[in-house]
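Notes for the one structure printed next.
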Amino acid sequence: MLRSSVALSLCLLALSSTGRAEVPQSVMEAIGGSTAISLYTSHTVIGMAANADHSSEEKIKAAAMSVGGAVGGLHVVEQQLRAAAKDLPENDAAQLNGFADITADVQKEGTLLIDALKAKKAGDTAAVEKAMVGYADARKVAAGKIKDAAGIPAEMLE
């Protein structure tokens with residue numbers, strides 16, 4: 001996750017120091033590809049945590065920490081994408097903002113799973129059910145957007 005953030009920062013710093021008005025397509029593709037794989041990886045980690053064994057408090061905590069790390073990293077990337085978009089021409093900015101929007105969707109997926117894990121730890125089955133319904137819906141939305149943006153086959157996102 002941070003690698004894509006570092007790559008984004010270095011590319012934009014290099015471009016700003018040259019005074020270029022437009023970002024070369026190859027740079028936008030590199031940023032997009034790096035961001036897309038980070039989104040796919042985070043989405044996968046969240047799904048694995050959702051499917052993990054939650055039979056003990058220790059296992060619930062481990063799953064929540066794993067998802068929390070992904071959500072925290074995504075938050076940083078989203079902020080960086082939105083900040084970088086402000087300094088770019090409209091078309092390039094729209095591409096970065098589109099990835100930032102997908103990043104927010106994956107964060108929502110993870111946050112809802114964390115809510116379900118907290119409710120499970122507290123023994124609140126109604127809250128677990130509610131959070132898991134929200135998680136499943138958010139996961140479908142995020143998967144569709146990742147598939148469209150990155151061209152990743154749908155079966156790899158289930």
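The values are calculated or read from the model by the stated rules, or taken from the named source; none is laboratory data. What you see is a predicted model; the values in this text were computed from it and never measured. Heads up, the Cβs are rebuilt from the backbone with ideal geometry, glycines too, and the neighbour counts pull from every protein chain shown. When the accessible area is computed, the model is the full protein with side chains, heavy atoms only, and any ligands, DNA or RNA have been set aside. Shrake-Rupley method; radii C 1.70, N 1.55, O 1.52, S 1.80 Å.
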| said: Please count how many residues of the stretch 84-134 are more than 22 Å from E57 (Cα to Cα) and outside any helix (DSSP H, G or I). | reply: 4
| From E78, E129, E155, residue being out of contact with any helix residue (DSSP H, G or I) (no Cβ under 9 Å at 6 or more places or on another chain) and either closer than 15 Å to I31 by Cα or open to solvent by 50 Å² or more (accessible area, probe 1.4 Å) (or both) | E155
| field | Every residue from the stretch 98-126 that is without any contact (Cβ under 8 Å) to a residue 24 or more places away in the chain, of a type in the set (G, A, S) and open to solvent by 30 Å² or more (accessible area, probe 1.4 Å) | value | A122, G123, A126
| query | On the given criteria, is L15 modelled with pLDDT of 90 or more and either in contact with a Lys or Arg (Cβ under 6 Å, 6 or more places away or on another chain) or not hydroxyl-bearing (S, T, Y) (or both)? | reply | no
| query | Mind checking which pairs have a first residue in the stretch 38-53 that is touching a residue at least 60 places away in the same chain (Cβ under 8 Å) and a second that is of a type in the set (S, T, Y) and open to solvent by 10 Å² or more (accessible area, probe 1.4 Å), Cβ under 8 Å, 6 or more apart or different chains? | reply | A49/S66; A50/Y135
